[in-house]
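Here's the structure, in structure tokens; my notes come after.
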Amino acid sequence: ERAARCHFSRPIGSSPLGLATRVGTQLHWKELADLQRYRIGMVKSYVSVPALDRLVAARKVRTMSALDDADNLRNLLAGKVDAVVIDRNVFAYLQRSDAFRGSATQLRLDPRVLVMHDLYMCFSRTPRGLAARDSFDAGLARLQESALR
């Protein structure tokens, strides 16, 4: 869907998705289907885990939508959900933010990573966007080469 609108760059990073819970809450699951007994917070319009998205679409996993990751974590703190799907890097960032200063120690990450997504820059699907993407990729390659030296 996005590829129809974008020229994607080479990968610029990764997004390890996992589950966050409240400290003291233990999720008992081995596979995604085991999450059926929990209510899971998810950010509307985010790409998640395809297998989990299918379970949600089939209404086998109950979810609560949030506008963004901070809202999702607030729902978790309020006990509205049992766990939230979140990028582990975003979780670490939000825990250090002023918005979660007093409650950061009440949240934890489940040790398992659900999926590792590559991250890309999206450039308009126009000739100008393609040229910008190519220029970006060339600059990224130079940065990566210099980092290896």
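The values are calculated or read from the model by the stated rules, or taken from the named source; none is laboratory data. Everything numeric here is computed off the predicted structure, so don't read it as measured data. Cβ coordinates were reconstructed from backbone atoms using ideal geometry, including for glycine residues, and neighbour counts include every protein chain displayed. Remember, those area values only see protein heavy atoms, side chains included, never the ligands or the DNA or RNA. Shrake-Rupley method; radii C 1.70, N 1.55, O 1.52, S 1.80 Å.
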Of the listed residues (Leu67, Leu32), the one being closer than 23 Å to Arg101 by Cα and within 17 Å of the chain's Cα centre (by Cα) is Leu67
How about region 81-107: which of its residues are modelled with pLDDT of 95 or more and of a type in the set (D, E, K, R)? Asp82, Asp87, Arg88
In this structure, does Leu73 turn out to be of a type in the set (A, V, I, L, M), open to solvent by less than 70 Å² (accessible area, probe 1.4 Å), modelled with pLDDT of 95 or more and within 17 Å of the chain's Cα centre (by Cα)? yes
Among (1) open to solvent by 20 Å² or more (accessible area, probe 1.4 Å); (2) in contact with a strand residue (DSSP E or B) (Cβ under 8 Å, 6 or more places away or on another chain); (3) modelled with pLDDT of 95 or more; (4) among the small types (Gly, Ala, Ser), the one test that Ala20 misses: (1)
Restricting attention to region 112-129, which residues are over 15 Å from the mean Cα position of the chain (by Cα) and either touching a residue at least 40 places away in the same chain (Cβ under 8 Å) or open to solvent by 80 Å² or more (accessible area, probe 1.4 Å) (or both)? Met121, Cys122, Phe123, Ser124, Arg125, Pro127, Arg128, Gly129
Only one of these is among the hydroxyl-bearing types (Ser, Thr, Tyr) and either open to solvent by 70 Å² or more (accessible area, probe 1.4 Å) or in contact with an Asp or Glu (Cβ under 9 Å, 6 or more places away or on another chain) (or both): Ser103, Ser146, Ser135, Ser97. Name it. Ser135
Any pair with Cβ under 7 angstrom, 6 or more apart, that starts in region 19-41 at a residue that is under 16 Å from Lys60 (Cβ atoms) and of a type in the set (Phe, Trp, Tyr) and ends at one that is surrounded by fewer than 17 Cβ atoms within 10 Å (Cβ to Cβ) and modelled with pLDDT under 95: Tyr38/Leu27
Is it the case that Arg133 is in a helix (DSSP H, G or I), touching a Ser or Thr at 6+ places or on another chain (Cβ under 6 Å) and either within 27 Å of Ile12 (Cβ to Cβ) or modelled with pLDDT of 95 or more (or both)? yes
